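K.L.:
Take this structure, written in structure tokens, and hold onto it; I'll ask about it next.
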Amino acid sequence: MRKFLVVLDDSRECLNAMRFAAMRASHTGGGVEVLAVIPPDEFNHWIGVGDIMREEARERIEAHFEVFAKWMRDKQNIDPELVIREGEPITEILAQIKDDPEIGVLVLGAGTDKKGPGPLVTQMTRTSGSLPVPITIVPGDMSKERLEAIT
């Protein structure tokens, strides 16, 4: 089964990327894999404190994921998978694509502020010529109705 890989983070544009991935998967018989990356700099503390912080980060990610997963199950009949990795986001995204041959498309949400589309979109598009899968970039301010129309 072809999977749409979408990155879960705290950005506003993440919502549209999740919606797009779920709707496309639903319409094409695919699946959704949600990747959350915990940056290593969050744990530069004593070992015990770092372990507690890592566990708290995982709990936050799982709670955040469950909001999207419920919507995907209820509205799109898609049961997404959650993958949590630790490291630098770009490195971990590329590693996940390499590790899971069913991933067919990387879906990213583009930010709408004056700073640009966001660090993930900027960095991933720079290397897009050598990626093993295509990237779909979803505008962060696209309406739900427009997303439904194009998926």
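The values are calculated or read from the model by the stated rules, or taken from the named source; none is laboratory data. Remember, it's a predicted structure, so these values are computed and weren't measured experimentally. A quick note on method: Cβ atoms are made from the backbone with ideal geometry, for glycine too, and the neighbour counts reach across all protein chains shown.
K.L.:
List pairs: first in segment 117-134 and farther than 16 Å from F4 by Cα, second part of a loop (DSSP other than H, G, I, E, B) and modelled with pLDDT of 90 or more, Cβ under 6 Å, 6+ apart or cross-chain?
P.N.:
Close Cβ pairs (under 6 Å, with a partner that is part of a loop (DSSP other than H, G, I, E, B) and modelled with pLDDT of 90 or more) amount to P117/G111; G118/G111.
K.L.:
Within segment 63-110, can you find the residues that are of a type in the set (D, E, K, R), under 12 Å from I38 (Cα atoms) and in contact with a strand residue (DSSP E or B) (Cβ under 7 Å, 6 or more places away or on another chain)? Break it down stepwise before answering.
P.N.:
Of the residues in segment 63-110, the ones of a type in the set (D, E, K, R) are 66, 70, 73-75, 79, 81, 85-86, 88, 92, 98-100, 102.
Now restrict to residues that are under 12 Å from I38 (Cα atoms): 85-86, 88, 92.
Matches in segment 63-110: R85, E86, E92.
K.L.:
Tell me which residues, restricted to segment 128-149, are surrounded by fewer than 11 Cβ atoms within 10 Å (Cβ to Cβ) and either at pLDDT below 90 or under 16 Å from the mean Cα position of the chain (by Cα) (or both).
P.N.:
Result: G129, S130, P134.
K.L.:
Follow-up. For segment 129-151, enumerate the residues that are of a type in the set (S, T, Y) and under 20 Å from I90 (Cα atoms).
P.N.:
S130, T136
K.L.:
Follow-up question, since we're still on this one. Of everything in segment 84-93, what is aliphatic (A, V, I, L, M) and crowded, with 18+ Cβ neighbours inside 10 Å? Give them in sequence order.
P.N.:
Within segment 84-93, I93 is the sole residue that qualifies.
K.L.:
Can you tell me which residue in segment 11-56 is surrounded by the most Cβ atoms within 10 Å (Cβ to Cβ), limited to those that are at pLDDT 85 or above and acidic (D, E)?
P.N.:
In this case the residue turns out to be E13.
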